[in-house]
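Report on the structure given below.
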Amino acid sequence: VPDAAAKIEIACTVNGAPRHFRAWPMERLLDALRTELALTGTKEGCGEGECGACSVLLDGALVNSCLVPVAQAAGSDIRTIEGLANAGDQLAAVQEAFIACGGAQCGICTPGMILAAHALLQKHPHPSEDEIRNGLSGNLCRCTGYTKIFAAVVRACQAMSATR
Amino acid sequence: MPSPKEKLLGSSVPRKEGRDKVTGRARYVDDLTFPGLLHGVTVRSELPRGIIKKIEFGPGIPWDEFTIVTAGDIPGENCVLLIEHDQPLLADATVNHPEEAIVLLAHPDPYLLEEARRAVRIEIDPLPPIFTLEDSLARKQIIWGEDNVFKSYAVNKGDVDAAFARDDCVIVEGEYRSGAQEQLYIEPQGMISIANPHDGVTVWGSMQCPYYIHKALVAMFGLPPEKIRVVQAETGGGFGGKEEYPSMIAGHAALLAWKSGRPVKIIYDRAEDMAATTKRHPARTRHRTAVTRDGKLLAMDIDFALDGGAYATLSSVVLSRGTIHAAGPYFCPNVRIRSRVAATNAPPHGAFRGFGAPQSIFALERHMDRVAQAIGLAPDEFRRRNFIAPEQTTATGQVIHEAVDMNRLLDRALRESDYAAKRERFARENPDARVKKGIGFAAFFHGAGFTGSGETYLASVVEAEVTPEGRVRIMTANTEMGQGANTVFAQIAADALGLDYDQIEIAQPDTAAVPNSGPTVASRTSMVVGKLVETAALSLKHELVSSGLLVAGENSAEAFARAARIYVDTRGPLRARSQYHAPPGLHWDDATYSGDAYGTFAWAVYVAEVSVDIATFEARVDNFVAVQEIGKVIHPVLAAGQIEGGVAQGIGYALTENVVWQNGRMANGQMTNYIMPTAADLPRIRVFFEENPYAFGPSGAKGIGELPIDGPAPAILNAIENATGLSICEIPATPERIMQAYDEAAAVQEPEPVRPRA
């Protein structure tokens with residue numbers, strides 16, 4: 001049974017703002033985000049790193065936050081779905097594209113999928129179909145059959161190119 | 001140029017709750033919290049069948065801090081009421097399947113709670129279990145009722161025996177099997193409850209059917225209906241998996257809340273969700289078919305059997321739909337279908353998209369290819385000689401009055417998939433290839449809405465009201481779970497009233513605030529409930545016109561809003577109500593299982609192109625074409641999304657989604673080893689709609705949610721046969737199963753198996 005006294009101080013940057021909280025070192029980053037920071041946009045689908053619903057960006061890299069002990073995130077820069085839209089509520093291109101193309105159905109995989117798509121477009125600004133498929137293959141979606149998600153990535157890619 | 005309103009139906013407006021979903025603001029049950037919240041867990045049976053002797057609470061746990069609930073704490077009936085009264089909320093004397101709930105625990109600390117769950121020891125005297133359909137039907141043990149059979153049906157058309165006695169026909173037999181399938185919505189199930197004798201019971205959660213939960217909680221607590229309130233939180237996928245099981249979790253959370261006096265949240269983790277909740281029924285279908293030498297169906301004798309698991313749940317209704325779809329979109333003068341669903345000591349099987357039809361249609365469409373082969377006809381030509389035409393009858397004797405044209409759908413599907421050229425090319429190239437290619441199809445139909453008199457019994461009600469701002473709010477109990485109900489209802493209401501899409505609000509399903517418009521199942525939401533939305537909305541307008549505030553024929557949004565505001569200011573609330581009435585001329589007889597099973601059907605032909613690597617025995621779907629006639633398409637993007645998603649689930653059902661059973665338990669209850677398709681696994685799914693408006697759907701729409709999972713499995717297995725010559729009659733066609741079929745075929749043809757090496 002965990003002992004509250006064993007909690008450690010964690011300092012990190014979350015969605016651009018410095019955050020400090022206490023957590024057990026081996027607590028899942030997923031739980032710390034959801035409970036300590038009330039960032040419930042990050043979802044738990046499987047708890048074993050298979051579904052990607054808990055995806056966040058850790059120092060720019062896409063990770064399953066259910067597999068990251070919070071101690072490992074100390075000092076890092078974390079981005080969650082809540083931090084993707086710009087200030088003033090302007091949605092990111094990927095978010096707009098998911099709405100326009102029907103890339104979100106039930107929405108439970110959507111935060112992780114959008115972060116995966118965002119990470120993919122950072123790495124491959126003009127991804128091929130195979131790069132899209134592989135880039136999103138760690139994020140499971142049971143609703144869409146992925147077709148509309150691929151379309152959303154292509155649309156976001158076009159929108160981002162147009163504004164560059 | 002038409003105004004945007006005129007083309008609202010048929011246009012892909014943004015999903016109502018889309019912005020909340022892409023920003024992470026949408027609130028699912030696990031995102032909700034309450035002051036003083038306790039977490040709840042369920043202690044379950046490890047054995048499949050036995051008598052509960054003793055419950056012990058082991059050392060090392062501060063049990064006095066815990067709320068502990070057993071069957072004795074249930075204020076009302078110990079039953080998850082749905083159709084039968086057989087399934088307990090908490091087992092008390094006996095257990096009938098692994099993972100059956102026995103004890104509930106609640107505590108503020110979820111980590112300590114998990115330790116506590118492991119410290120509860122339940123001593124059970126084992127009884128002999130049965131795990132297979134065959135053992136159940138042979139009554140090796142009687143584990144349910146007098147004969148293990150939850151329900152049976154008999155459909156009789158014409159004289160099957162006389163047809164089989166003719167000496168001028170070919171008779172083809174076959175047996176087909178399909179395994180269980182996990183719904184695998186990405187949001188696991190969960191509920192939160194606040195409950196006490198003064199305020200009654202309230203639950204919030206992930207669900208499809210708020211009024212099913214409401215009915216179950218009324219019985220569990222013995223409270224008047226107005227003391228029970230059920231509220232849907234944003235729901236992360238259902239696919240049938242959140243049709244009946246949420247009543248169980250709602251009851252558990254409410255019992256813990258009732259006893260503790262504090263809010264209680266129960267969220268299943270993935271392992272618990274997969275182990276304990278319902279799955280698609282495993283099925284065995286036997287076909288015996290008489291066909292003339294020129295390829296006309298003479299008689300179909302079909303035996304359809306489902307494994308129901310330990311309790312009745314929805315099995316009788318699943319069996320019904322599977323039975324009615326078992327003879328497919330063909331005209332055959334003589335049909336006999338016998339069907340049964342029987343008990344085994346596994347967790348109950350339940351609703352999953354398609355609801356019995358994917359099982360019986362898989363069998364039928366594999367069988368149709370084999371019948372065609374037996375009489376030397378191409379699969380498409382054999383279908384063409386037997387497709388049902390307008391004014392002909394289905395197996396239940398329903399006369400098809402709609403202008404169905406299956407030939408046209410088949411033509412389009414074969415053309416879009418380049419079927420003929422590929423079949424020819426694959427036949428030429430396969431002999432020298434390690435990776436064999438094949439193409440196959442399935443033709444099928446799916447009835448929309450409840451079967452037979454089901455919708456009449458439901459008598460669904462929808463309400464619409466004008467808000468003080470002159471907007472319109474639609475109130476139904478139908479849940480948004482990804483399929484787009486909110487969006488489609490808003491489109492229908494806006495179109496009926498001449499309003500903008502954004503002027504329609506959709507009320508959150510909450511039994512304290514919305515009428516009972518029935519469950520969100522059976523491809524009924526857009527078609528049946530959508531029609532009620534249209535009617536209720538039109539009643540609002542009618543009232544404004546009769547009150548002299550709106551000129552008849554005035555269709556501007558501004559005029560409506562102005563009239564509505566004046567009405568509310570001067571006369572008070574403006575609310576309208578609509579209730580389901582069956583379309584005229586529909587007759588169904590439950591006693592003979594004959595008549596008009598559905599108001600309408602969606603019709604489809606799906607084509608799958610596969611590669612089978614005969615070194616690894618892995619089959620892949622390379623291309624997929626889905627052609628369907630679904631009435632008026634209200635929202636092209638959402639409609640295509642339903643088809644693509646259903647096809648993806650169907651591809652998983654056909655090839656990889658294998659539930660491995662060990663002593664009644666799912667042995668591979670993890671996403672790691674229960675394999676659903678990823679983005680890297682699926683082909684392009686190309687979707688084509690034909691529109692033939694249905695007179696009693698909103699603007700002509702039919703239901704589509706379930707349709708797309710009926711066709712992929714038989715189309716894929718037919719394609720595998722085209723690629724390899726292997727006639728595989730069981731799904732999923734895993735590499736192991738394909739290899740086995742290959743070895744068996746080789747053993748028949750050659751003295752020694754000759755499996756090529758990689």
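The values are calculated or read from the model by the stated rules, or taken from the named source; none is laboratory data. Just so you know, these numbers come straight off a predicted model, no measurement behind them. Here the Cβ positions follow ideal geometry from the backbone for every residue, glycine too, while neighbour counts run over all protein chains shown. These accessible areas exclude ligands, DNA and RNA; they are computed on the full protein's heavy atoms, side chains included. Shrake-Rupley method; radii C 1.70, N 1.55, O 1.52, S 1.80 Å.
Details
- Within the range B:114-141, residues that are within 14 Å of chain A (Cβ to nearest Cβ) and farther than 19 Å from B:Glu99 by Cβ sit with their Cβ atoms under 9 Å from residues that are hydrophobic (A, V, I, L, M, F, W, C) and outside any helix (DSSP H, G or I), at 6+ positions apart or across chains, in these pairs: B:Glu115/A:Val1; B:Glu115/B:Ile61.
- Residue in the range B:77-98 that is charged (D, E, K, R), open to solvent by less than 30 Å² (accessible area, probe 1.4 Å) and in contact with a Gly (Cβ under 9 Å, 6 or more places away or on another chain) present: no
- Residue, surrounded by the fewest Cβ atoms within 10 Å (Cβ to Cβ), within the range B:125-161, restricted to residues that are closer than 26 Å to B:Ala597 by Cβ and over 29 Å from the mean Cα position of the chain (by Cα): B:Asp161
Table: residues versus (1) at pLDDT 95 or above; (2) at negative phi; (3) among the hydroxyl-bearing types (Ser, Thr, Tyr).
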site	(1), (2), (3)
B:Pro583	no, yes, no
B:Val605	yes, yes, no
B:Asp613	yes, yes, no
B:Val625	yes, yes, no
B:Lys632	yes, yes, no
B:Leu638	yes, yes, no
B:Gly650	yes, yes, no
B:Thr656	yes, yes, yes
B:Val659	yes, yes, no
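For (1) touching a helix residue (DSSP H, G or I) at 6+ places or on another chain (Cβ under 8 Å); (2) within 28 Å of B:Gly354 (Cβ to Cβ); (3) within 14 Å of chain A (Cβ to nearest Cβ), each residue gets a yes or a no:
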position	(1), (2), (3)
B:Thr476	yes, yes, no
B:Thr479	yes, yes, yes
B:Phe489	yes, yes, no
B:Ala513	no, no, no
B:Ser517	yes, yes, no
B:Arg524	yes, yes, no
B:Leu544	yes, no, no
B:Leu549	yes, no, no
B:Leu586	no, yes, no
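- Each residue in the range B:219-253 was checked for being among the hydroxyl-bearing types (Ser, Thr, Tyr) and open to solvent by 10 Å² or more (accessible area, probe 1.4 Å), and 1 pass.
- B:Ile102 vs. criteria open to solvent by less than 40 Å² (accessible area, probe 1.4 Å), part of a strand (DSSP E or B) and either within 14 Å of chain A (Cβ to nearest Cβ) or more than 22 Å from B:Asp269 (Cβ to Cβ) (or both): no
- Of the residues in the range B:609-629, not one is among the hydroxyl-bearing types (Ser, Thr, Tyr), in contact (Cβ under 8 Å) with a residue 12 or more places away in the chain and open to solvent by less than 10 Å² (accessible area, probe 1.4 Å).
- In the range B:28-50, the residue that is most open to solvent (accessible area, probe 1.4 Å) out of those that are hydroxyl-bearing (Ser, Thr, Tyr) and within 25 Å of A:Leu30 (Cα to Cα) is B:Thr33.
- In summary, B:Asp294 fulfils each of the numbered conditions (1) more than 14 Å from chain A (Cβ to nearest Cβ); (2) open to solvent by less than 10 Å² (accessible area, probe 1.4 Å); (3) of a type in the set (Asp, Glu) with the single exception of condition (2).
- Residue in the range B:352-371 that is small (Gly, Ala, Ser) and either more than 23 Å from B:Ala154 (Cβ to Cβ) or without any contact (Cβ under 8 Å) to a residue 40 or more places away in the chain (or both) present: no
- You will find that of B:Ala640, B:Ala564, B:Ala591, the residue that is without any contact (Cβ under 8 Å) to a residue 12 or more places away in the chain and either open to solvent by less than 20 Å² (accessible area, probe 1.4 Å) or outside any strand (DSSP E or B) (or both) is B:Ala591 and no other.
- Flag if B:Val660 is closer than 23 Å to B:Arg423 by Cβ, out of contact with any Ser or Thr (no Cβ under 6 Å at 6 or more places or on another chain) and away from chain A (no Cβ under 11 Å): no
- Within the range B:35-66, being hydrophobic (A, V, I, L, M, F, W, C), within 14 Å of chain A (Cβ to nearest Cβ) and in a loop (DSSP other than H, G, I, E, B) holds for B:Leu37, B:Ile61, B:Phe66.
- Output for the range B:670-683, where each listed residue is within 7 Å of another protein chain (Cβ to nearest Cβ), out of contact with any Cys (no Cβ under 6 Å at 6 or more places or on another chain) and either crowded, with 20+ Cβ neighbours inside 10 Å or under 29 Å from B:Val633 (Cα atoms) (or both): B:Met676, B:Thr678, B:Ala679, B:Leu682
Every residue, every condition in (1) at pLDDT 95 or above; (2) of a type outside the set (D, E, K, R); (3) in contact with a Cys (Cβ under 6 Å, 6 or more places away or on another chain), yes or no:
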| position | (1), (2), (3) |
| --- | --- |
| A:Glu9 | yes, no, no |
| A:Trp24 | no, yes, no |
| A:Glu44 | yes, no, yes |
| A:Gly47 | yes, yes, yes |
| A:Asp59 | yes, no, no |
| A:Ser65 | yes, yes, yes |
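- Strands (runs of 3 or more DSSP E) wholly inside the range B:168-229 containing at least 2 residues that are under 23 Å from B:Thr67 (Cβ atoms), away from chain A (no Cβ under 14 Å) and more than 24 Å from the chain's Cα centre (by Cα): B:190-196, B:200-205
- Scanning the range A:7-30 for residues that are surrounded by 10 or more Cβ atoms within 10 Å (Cβ to Cβ) and without any contact (Cβ under 8 Å) to a residue 60 or more places away in the chain turns up A:Lys7, A:Arg19, A:Phe21, A:Arg22, A:Ala23, A:Trp24, A:Pro25, A:Met26, A:Glu27, A:Arg28, A:Leu29, A:Leu30.
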